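Asker: Below is the structure I would like to discuss, written out as structure tokens.
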Amino acid sequence: MTTGAPTPTYPTRPRRSRLRTFLPLGVAAWLVLEIWLLTVVAGAASGFTVFLLLVAGFVLGSVVIKRAGRRAFQNLNEALQRGGAPSDSSNGGGNGLMMLGGLLLMIPGLISDAVGLLLLLPPVQKTLSRYAERTVERKLRESVPGTLSGAFQQARMRQPDGKVVQGEVIRDEPGDAPRDSRPPLTH
């Protein structure tokens, strides 16, 4: 049965970003490489040596995370006592990168341990924090101005075009049913 209304045309699905396409493939390749490297090292040395390396990485990572968290909490506490915002300039923005390095040390694998150890070096932390700052500034300059409420409104709607269909609710009740004193549904 047709009502004479045109059939709705649905917009084409947006193209997937390259990150969403290749990230699962990259993670799978990383895991295969980690397992292969662990078996190579276990064959060259022994399984017990690999076990000790993994335990040492986990212990070192937990110590690094605890230390970085304690330093971040101390920085926040001092800033609150001064009445200002916490500054990360004392250690080159290294608390977040230090925690990431500790997390990578805790993940079983030799490649993640090597990357985690690199993130603990202050020159690497400074370089990465400067790169991240430049990238965020560039993205903010390229962004289109808009309101935050508009973004939330678009996120709530199911259709990205923002069209709203006006209508009314009609209750279909039998004639002998008792009437409630309900207020009408209005916008």
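Asker: Looking only at segment 126-144, filter to residues that are open to solvent by less than 90 Å² (accessible area, probe 1.4 Å) and modelled with pLDDT under 90; which one of those is nearest to L52 (Cα to Cα)?
Answerer: S129
Asker: Hey, another quick one. Tally time: how many residues in segment 85-101 are at pLDDT below 80 and either in a helix (DSSP H, G or I) or open to solvent by less than 40 Å² (accessible area, probe 1.4 Å) (or both)?
Answerer: Matching residues across segment 85-101 total 6.
Asker: Modelled with pLDDT of 85 or more, more than 26 Å from A29 (Cβ to Cβ) and assigned to a helix (DSSP H, G or I), is that true of G57?
Answerer: No.
Asker: Something else: Search segment 45-63 for residues that are in contact (Cβ under 8 Å) with a residue 40 or more places away in the chain and pair each with any residue that is open to solvent by 70 Å² or more (accessible area, probe 1.4 Å) and of a type outside the set (F, W, Y) when their beta-carbon atoms are under 6 Å apart and the residues are at least 6 apart or on different chains.
Answerer: L54/P108
Here's the yes/no breakdown for (1) modelled with pLDDT under 85; (2) in contact with a Lys or Arg (Cβ under 8 Å, 6 or more places away or on another chain); (3) assigned to a loop (DSSP other than H, G, I, E, B):
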| position | (1), (2), (3) |
| --- | --- |
| P6 | yes, no, yes |
| R13 | yes, no, yes |
| R20 | yes, no, no |
| V27 | no, no, no |
| T39 | no, no, no |
| V64 | no, no, no |
| L103 | no, no, no |
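Asker: Considering only residues that are surrounded by 12 or more Cβ atoms within 10 Å (Cβ to Cβ) and either among the charged types (D, E, K, R) or in a loop (DSSP other than H, G, I, E, B) (or both), which ones fall in segment 41-51?
Answerer: A45
The values are calculated or read from the model by the stated rules, or taken from the named source; none is laboratory data. If you're wondering where the values come from, they're calculated on a predicted model, not measured in any experiment. Cβ atoms come from the backbone with ideal geometry, glycine included; neighbour counts cover every protein chain shown. For the accessible areas, the whole protein counts, side chains as well, though only heavy atoms, and no ligand, DNA or RNA atoms are used. Shrake-Rupley method; radii C 1.70, N 1.55, O 1.52, S 1.80 Å.
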